[in-house]
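Down below is the structure, laid out as structure tokens.
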Amino acid sequence: MLIKRYKNNPILTTNDVPYPVATVHNAGVIKHNGKYIMIFRSHKLNGRSILGKAVSDDGYNFKVDNEPFMTPATSGLFKEYEEYGLEDPRIVFIDGEYLITYSAYSRHGVRIALAKTKDFNTVERFSLITQADYRNVVIFPEKFNGLYARLDRPHSEISPWSVWISYSPDLRYWGEAKLIMKPLQYHWDEMKIGPGAPPIKTSRGWLSIYHGVFPTMDGSVYRLGVALHSLKDPSKIIAVGDEWILQPEEMYEITGYVHNVVFTCGAVPEEDGSVKIYWGGADKVMCVGTAIIEELVDHCLDNPRDAL
Ligand code: BMA
């Protein structure tokens, strides 16, 4: 078992939120000043999503702020593109600030918005960094040849939904886009894949935890897998682990708002070589588990499948 589920999962539920919500899931998590900051997604009781914030000393016991962290913008360009809600935030620290990327839903489709904060008390919307239809943008916590790099997942009618990379000099203008990893036919991720947590730097490559979806007669199953990207050139995938690392097994993953889902937006590497991986269980609750980073790298290298 590569991921050890925390014994007191789920770690956050709607009961912990002091305002009315139907779900608590798909959270980005990062360490800031020794504390774990979790930005989580909640469906409101009208089915549209907002982002909440919770803080923890140990990464397991979180306390939720009294008010939501971000709700749809009420003015300007963001108002038009966030009308239907904010979903699935990822957080990364680079150049002295935290970048939060989230899905902005509106009548025009889903785009990715980027917001910045230095302290998680105030947050500033920076730019809408994709057109419709993209989801799952994760930014690397380091630059490559002076450029920011991100993984994302555009929607396509022709190709199964795959992982792409692109680059930016300023976080606003992105280019040099390239498809780097595809779902594999008749495999646990055959329907679609998407980046999960922001990549983690290891001595053997960037470790990326992604989600893969398999269609069944009983609906789709969301699982997690791992891929390893070259340290110098993240568009080069060194290996993708053939087997998933996590699948819905506990009751809180099998049943909830959407059945059979484990979905990650955040993982926190620790100094002892472990990583806390956070995932939404059945789009309803937040869960955490621990893994050994080097074992996840071995998992990619020992039994790889083709990336493309
Ligand atoms: C995806 C996204 C995720 C969600 C998953 C399972 O398309 O909407 O936010 O966790 O479906 O419902």
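Structure notes:
- Unmet criterion (only one of (1) within 16 Å of the ligand (Cβ to nearest atom); (2) more than 17 Å from the chain's Cα centre (by Cα); (3) within 17 Å of Ile293 (Cβ to Cβ)) for His259: (3)
- Some residue of region 108-115 being within 16 Å of the ligand (Cβ to nearest atom), surrounded by 14 or more Cβ atoms within 10 Å (Cβ to Cβ), charged (D, E, K, R) and more than 27 Å from Leu231 (Cα to Cα): yes
- Looking across region 77-90, the residues that are more than 16 Å from the ligand (Cβ to nearest atom) and either closer than 12 Å to Ala113 by Cβ or part of a strand (DSSP E or B) (or both) come down to Leu77, Phe78, Lys79, Glu80, Tyr81.
- Verdict on Tyr105 being farther than 14 Å from Gly28 by Cβ, among the aromatic types (Phe, Trp, Tyr) and within 16 Å of the ligand (Cβ to nearest atom): yes
- Strands (runs of 3 or more DSSP E) lying entirely in region 185-254 (those with 3 or more residues that are within 16 Å of the ligand (Cβ to nearest atom) and surrounded by fewer than 19 Cβ atoms within 10 Å (Cβ to Cβ)): none
- The number of residues in region 262-296 being part of a strand (DSSP E or B), within 16 Å of the chain's Cα centre (by Cα) and among the aliphatic types (A, V, I, L, M) comes to 8.
- Residue tally, condition over 13 Å from Val92 (Cβ atoms), out of contact with any Lys or Arg (no Cβ under 7 Å at 6 or more places or on another chain), of a type outside the set (A, V, I, L, M) and assigned to a loop (DSSP other than H, G, I, E, B), over region 126-159: 7
- Subset of region 268-298 [touching a residue at least 12 places away in the same chain (Cβ under 8 Å) and among the charged types (D, E, K, R)]: Lys276, Asp283, Lys284, Glu294, Glu295
- For the condition more than 16 Å from the ligand (Cβ to nearest atom), among the small types (Gly, Ala, Ser) and crowded, with 19+ Cβ neighbours inside 10 Å, Gly289 qualifies.
- Of the numbered criteria (1) touching a residue at least 24 places away in the same chain (Cβ under 8 Å); (2) part of a strand (DSSP E or B); (3) more than 24 Å from Ala291 (Cβ to Cβ), the one Tyr98 fails is (3).
We did not get these values from a lab; they are worked out from the coordinates using the rules stated. Everything quoted here is computed from the prediction, not taken from an experiment. For neighbour counting, all protein chains shown are included, and Cβ atoms are generated from backbone atoms with ideal geometry for every residue, glycine included.
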